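The values are calculated or read from the model by the stated rules, or taken from the named source; none is laboratory data. For clarity, every value in this text was computed on a predicted model and none was experimentally measured. With ideal geometry, Cβ positions are generated from the backbone for all residues, glycine too; neighbour counts draw on all protein chains shown.
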Amino acid sequence: MKKSKKTSAPPSYMKIIDNDYVVLEGSTIVKEGRQNIPPGVLEARQTLINKGYLVKDQNNKLYKLTENYAFQSPSYASGFVAGGNDNGWTSWKYNGKTMSELEDNNNL
């Protein structure tokens, strides 16, 4: 699944693996966290920075993920990418359809 940001930044990618929502290596992550960033997402970002898995991108407003990273919900995965609360059921898309639409049609 792909998440496009509101900027001209490259998209980020997520795959569902064993009931985890895995943001894939190479995905770009919005660098500056919004005020509504969940504590768990902020902690994950700091942990990945410390481990060297979240590094500065060529675009100074972004990080690049150097390893796959799993979350327990699509919204936490999306919030991690966006830098704040985000509804992953509507922001992650596959072939133009949201996760919510795919689940409604039993295609998830």
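In table form, for the structure just shown:
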read-out	value
Residue in region 32-60 that is farthest from Gly83 (Cα to Cα), counting only those that are assigned to a loop (DSSP other than H, G, I, E, B) and either modelled with pLDDT of 90 or more or among the acidic types (Asp, Glu) (or both)	Gly52
Pair list, Cβ < 7 Å and 6+ apart or interchain, from region 84-108 residues that are touching a residue at least 60 places away in the same chain (Cβ under 8 Å) to residues that are assigned to a loop (DSSP other than H, G, I, E, B)	Gly88/Ser73; Trp92/Met1; Lys93/Met1; Tyr94/Met1; Met99/Met1; Met99/Trp92; Met99/Leu108
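Per-residue answers, yes or no, for (1) charged (D, E, K, R); (2) more than 12 Å from Ile29 (Cα to Cα); (3) more than 10 Å from the chain's Cα centre (by Cα); (4) buried (at least 19 other Cβ atoms within 10 Å of the Cβ):
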residue: Tyr53; (1), (2), (3), (4): no, no, yes, no
residue: Ser75; (1), (2), (3), (4): no, yes, no, yes
residue: Gly84; (1), (2), (3), (4): no, no, yes, no
residue: Trp89; (1), (2), (3), (4): no, yes, yes, no
